[in-house]
1. Out of all the residues in the range 41-70, which are within 17 Å of the chain's Cα centre (by Cα) and in contact (Cβ under 8 Å) with a residue 24 or more places away in the chain?
2. Taking the condition of being at pLDDT 95 or above, of a type in the set (S, T, N, Q) and loosely packed, with under 13 Cβ neighbours inside 10 Å, how many residues in the range 15-63 meet it?
3. State all residues of the range 71-94 that are over 9 Å from the mean Cα position of the chain (by Cα) and either more than 23 Å from Leu29 (Cβ to Cβ) or not aliphatic (A, V, I, L, M) (or both); if no residue qualifies, say none.
4. Among the residues of the range 57-107, what is the count of those that are closer than 12 Å to Val34 by Cβ and aromatic (Phe, Trp, Tyr)?
Amino acid sequence: MNHLMLCLCLSMGTGPETPADRFFAEDKLKHFAVSFVFTSLASSGARAAGLGRTPSLATGATAGMGIGIAKELRDRRSPESGTASLYDLAWDAIGVGTATVLVAQAR
């Protein structure tokens, strides 16, 4: 009986709970949008600067994912700025991929 009470007491005092990180959440739309915009702008800017189609797409994708990875590294180092999340990186990648496909279709 004492062991049961000890386990019950220990399980109740786990500290502050962190919010659940869901795959579909409002902040995931923000990750998608920021990655999409950065990828599009970087790719279009590289193309306007004279790079060919493939190098400009690579430049845009690198810039878009670079922003997302930098944000998650900052979140990991500084908990008050947010919590690092693989779901956030997934939505960054979805935004980068979508922008890359759309920019590749442009002439």
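1. Gly60, Ala61, Ala63, Gly64, Met65, Ile67, Gly68
2. Number of matching residues: 1.
3. Arg74, Asp75, Arg76, Arg77, Ser78, Pro79, Glu80, Ser81, Gly82, Thr83
4. Count: 1.
The values are calculated or read from the model by the stated rules, or taken from the named source; none is laboratory data. Computed from a predicted structure; not experimentally measured. Methodologically, a virtual Cβ is constructed for each residue, glycine included, from the backbone with ideal geometry; neighbour enumeration extends over all protein chains shown.
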